[in-house]
Amino acid sequence: KRLAEIFGITISVAGSLLLVALLTYSPEDPNFIFPDNKEIKNILGFHGSFISDLFFQSTGLISYLFSLTLLITGINIFRTKEFFLIIENIFHTIIYSIFGTLFLSQFYSSAFTLYINGNGGFVGNYFNQTFLGSFILINETIFYYILIFLILVFFLISINFKPFKFYENFKKLFTIF
């Protein structure tokens, strides 16, 4: 049980650090594409700048959801003491990352801070150039909402969201107030 708790804390800390690195990302920071001896604006220094740039250039803005998934998965592993949660949640994370990068590269491709690969990253650009991008062009309005729905559903599954438990906790909180 202690090993599961340590593993859960480690996953949560990794998710928290990734979230901090992503939130303090600056495109002017040195990274593996633009190595300069400049002042680093990222709170985690060069390592935070490098990791956040790697995540943003590969999967784009979906990186925020990935860091939240790691954070909440670590908390769930700590609470339930189940190691299998990480495998299950990473599987669902891969699925919503595919849909999310495709969505962002198809509908919101231009970005001001992610100017190299756009909001969907190079993974989204790749999926957009396959048959999936052509498939979306059949009816963009319908696929816009389908992709949002799929991203949301798989994200909630990846964080082990239980709607009935949420409703019960909300009801308890409402009775307190």
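The values are calculated or read from the model by the stated rules, or taken from the named source; none is laboratory data. Note that the coordinates shown come from a computational prediction; the quantities given were computed from them, not determined experimentally. Heads up, the Cβs are rebuilt from the backbone with ideal geometry, glycines too, and the neighbour counts pull from every protein chain shown. Side chains are part of the model used for accessible areas, which takes the heavy atoms of the whole protein and leaves out ligands, DNA and RNA. Shrake-Rupley method; radii C 1.70, N 1.55, O 1.52, S 1.80 Å.
With each run of n ≥ 4 DSSP H residues scored as -39500 (n - 2.57), what mean residue ellipticity at 222 nm is computed for the chain after dividing by its residue count and rounding to the nearest 500 deg cm²/dmol?
Details: 8 runs with 128 residues, N = 177.
Counting only the DSSP helices, I get -24000 deg cm²/dmol.
Would you kindly compute the Cα radius of gyration of the chain and its largest Cα-Cα separation (Dmax), both in Å?
18.3, 56
So, with a 1.4 angstrom probe, what is the percent of accessible area on the chain that is carbon and sulfur? Intermediate values should be presented prior to the final figure.
Details: 7850 of 10820 Å².
Percent of accessible area from carbon and sulfur atoms in the chain: 72.
Normalising by the residue count of the stretch 40-150, find the relative contact order in percent from Cα pairs under 8 Å and 6+ residues apart.
Values: 112 pairs, mean separation 33.0, N = 111.
Computed over the stretch 40-150, the figure is 30 percent.
Report Rg(Cα)/(2.2 N^0.38 Å) for the stretch 58-143, keeping two decimals.
Working: Rg = 15.1 Å, N = 86, 2.2 N^0.38 = 12.0 Å.
Scaled against compact globular proteins, the figure is 1.26.
Loop only per DSSP, at most 11 neighbouring Cβ atoms within 10 Å: give me the trypsin sites (Lys or Arg not before Pro) in the stretch 93-177, ordered by residue number.
Sparse-neighbourhood loop trypsin sites (Lys or Arg not before Pro): none present.
Using a cut-off of 24 Å between alpha-carbon atoms, which lysines can reach Lys171, once sequence neighbours fewer than 8 places away in the same chain are excluded?
Leaving aside lysines fewer than 8 places away in the same chain, those within reach of Lys171 are Lys162.
Skip the ligands, DNA and RNA, and give the accessible area per residue of the stretch 58-154 with a 1.4 Å probe, whole Å². List each step's numbers first, then the result.
Details: 5270 Å² over 97 residues.
Ligands and nucleic acids excluded, the result is 54 Å² per residue.
Of Thr141, Thr73, Thr24, which is the most mobile in a GNM of the chain whose springs link Cα atoms less than 10 angstrom apart?
Answer for the Gaussian network model of the chain: Thr141.
Radius of gyration and Dmax for the stretch 10-88's Cα atoms, expressed in Å?
14.1, 45
Would you work out which of Gln106, Phe78, Leu54 lies farthest towards the positive end of the dipole of the stretch 7-107? Charges go on Cβ: Lys and Arg +1, Asp and Glu -1.
Working it through, the farthest residue towards the positive pole turns out to be Phe78.
Placing unit charges on C-beta atoms (Lys and Arg positive, Asp and Glu negative, everything else neutral), compute the dipole magnitude of the stretch 25-88 about its Cα centre in debye, rounded to 20. Can you show the working numbers first?
On the way: 4 positive and 7 negative charges, 54 e Å.
It works out to roughly 260 debye.
Can you tell me the equivalent ellipsoid semi-axes for the stretch 131-177? Use √(5λ) from the Cα gyration tensor, largest first, whole Å. Before the final figure, lay out each step's value.
Details: eigenvalues 256, 27, 6 Å².
The answer is 36, 12, 5 Å, longest axis first.
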